[in-house]
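The values are calculated or read from the model by the stated rules, or taken from the named source; none is laboratory data. No experiment lies behind these values; they were computed from the predicted model shown. Here the Cβ positions follow ideal geometry from the backbone for every residue, glycine too, while neighbour counts run over all protein chains shown. Ligands, DNA and RNA are stripped out before the accessible areas are found, and what is left, the full protein with its side chains, is counted by its heavy atoms. Shrake-Rupley method; radii C 1.70, N 1.55, O 1.52, S 1.80 Å.
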Amino acid sequence: MSKKQAIKAISLLWLGSILGAGCAFLTQVILARKLGPTDFGIFSSALATITLLTPLAGFGISQYWLKAFGQEGWQAMRWLTGSFKFTSLSTLVVILSLVCWAMLGPHDALTKTVLLVLTLCVFGQLVTELVSGKLQLEERYFSLAFWQFLPHLMRLLLVVVLVYAATSFVSIQHIAYAYAAVALVLFISGAWLLLRMYHGFFALKGHNAVEIHAESSKSIVPGMFQVAAQSWPFGLAGLFYLIYFQSDIILVKYIVGAEAAGLYNVAFTVMVAVYLLPSVIYQKFLLPKIHRWANHDKVKFYQVYRQGNLVMLILGLAAMVALWILVPWGIPFLFGIEYQNSIFLLMILATAAPVRFLASSAGAVLGTKQHIINKIYIMGFAAVLNIVLNLLLIPMLGMNGAAISTVATETLLLIALQLYARYRIFNDFNGNIFN
């Protein structure tokens, strides 16, 4: 792919992500204004709980597809049967676990109802990830951008209808039902696309289009336990990421209260929008290519890592400064004066922007080959550290403690990722990590 094509693809993915983030952001603004800090906190913490456990459904299958097809090309089609069997079983386990938590956890009746309804969102998120992996492998960037934009648009439209067009009172339960309805629509449409992939309607890019010869068709077809043995590092990576990035909302809700969780979620929502750019570049555009380069072109692999460090550092610093300038008037304007206390939270979290941007580069290269196992150890340490810091700091400092623990965790994670990348993956190359 030429530089012009690459820029066009990244721009398309970024535009789709920006539009999706814009819809998600507007949805959060509407809900925050309509529900108020307390009810918004209940809904946000329930949704964060669902989001936290969703990676266990499928447990890294979509990310493993990128690695498998990067290594094996068309022969990786043999992994699909086991992938779908394992996905079905793991999804069932996640659903049952969420239902048990909703019924038996320390919840009031309202929180329990919202959790039970939002459990259906697991199905929507699952197929969203699997179809996204398929589209990445096909390098169908317009379709990928639209597919990932669609859930946010649908949720926004339903929320707008409920809040502004409905004549009766709109409750948290109504919002939860809207989110569940979107998830079911996505599940039905995504399942159809995945079924077509399974039956051969798949246009893999980056590998020569070859027919499956008699001898290759006799290759071993892995079962679901063999798939699980390969995909679990990617599943744990997704889970650990969500723990140190999103568990703060849940812990703030249960330790401080629902109102504090609502205030914290406003700051969190802004940071999610900021982190879109490195996510688009690495997770949606570069990742399939990084897996190919790691196996077949190590020089290119190193060049992308080295140049990415510099670009990500510059963009992250720019994002931090922009947030410091815009936040004091932006939060009251968008969310309302009752969210004034979110400003200081966001000023703290903004300091993690250059750290997160720079970590994206090293994190991507650690997802290749055998390095994913060590990445899991690093991210697992970060997840445990984040929980410990939250349990120590939130009781003392409240919401600010959660923000400080996030910045500290992100910083230590960056140091570990960059040191590993520089001295274990690229130790044969000269030069420092920024140029």
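Observations
- Against the list (1) under 18 Å from Gly238 (Cα atoms); (2) at pLDDT 85 or above; (3) surrounded by fewer than 21 Cβ atoms within 10 Å (Cβ to Cβ), the condition His371 fails is (2).
- The residue pairs whose first member lies in the stretch 63-85 and is within 20 Å of Ala237 (Cα to Cα), whose second member is open to solvent by less than 50 Å² (accessible area, probe 1.4 Å) and among the polar types (S, T, N, Q), and whose beta carbons are closer than 6 Å, counting only pairs six or more residues apart or on different chains, are Tyr64/Ser231.
- Taking the conditions (1) open to solvent by 30 Å² or more (accessible area, probe 1.4 Å); (2) assigned to a helix (DSSP H, G or I) in turn, Ser62 satisfies each one other than (1).
- Matching entry among Leu92, Leu26, Leu19, Leu35 (being at pLDDT 80 or above, within 19 Å of Gly238 (Cβ to Cβ) and open to solvent by 10 Å² or more (accessible area, probe 1.4 Å)): Leu92
- Members of the stretch 65-84 that are within 19 Å of the chain's Cα centre (by Cα) and open to solvent by 10 Å² or more (accessible area, probe 1.4 Å): Lys67
- Some residue of the stretch 259-271 being buried (at least 23 other Cβ atoms within 10 Å of the Cβ) and touching a Lys or Arg at 6+ places or on another chain (Cβ under 7 Å): yes
- Leu263 being over 25 Å from Tyr377 (Cα atoms), of a type outside the set (Val, Ile, Thr) and over 15 Å from the mean Cα position of the chain (by Cα): yes
- Among residues of the stretch 99-149, those that are farther than 14 Å from Leu193 by Cα, open to solvent by 20 Å² or more (accessible area, probe 1.4 Å) and not in a helix (DSSP H, G or I), counted: 5
- Selection of the stretch 323-363 for residues being closer than 26 Å to Ile394 by Cβ, among the hydroxyl-bearing types (Ser, Thr, Tyr) and open to solvent by less than 10 Å² (accessible area, probe 1.4 Å) yields Tyr339, Ser342.
- Residue in the stretch 33-52 that is touching a residue at least 24 places away in the same chain (Cβ under 8 Å) and either assigned to a loop (DSSP other than H, G, I, E, B) or farther than 20 Å from Gln173 by Cβ (or both) present: yes
- Looking across the stretch 272-297, just one residue is assigned to a loop (DSSP other than H, G, I, E, B) and open to solvent by less than 40 Å² (accessible area, probe 1.4 Å), and that is Tyr275.
- Helices (runs of 4 or more DSSP H) lying entirely in the stretch 160-263 (those with 3 or more residues that are under 30 Å from Thr406 (Cβ atoms), modelled with pLDDT under 85 and in contact with a strand residue (DSSP E or B) (Cβ under 6 Å, 6 or more places away or on another chain)): none
- Some residue of the stretch 326-342 being at pLDDT 85 or above, farther than 30 Å from Ser143 by Cα and not in a helix (DSSP H, G or I): yes
- Of all residues making up the stretch 307-322, the number that are out of contact with any Pro (no Cβ under 8 Å at 6 or more places or on another chain) and surrounded by 20 or more Cβ atoms within 10 Å (Cβ to Cβ): 2
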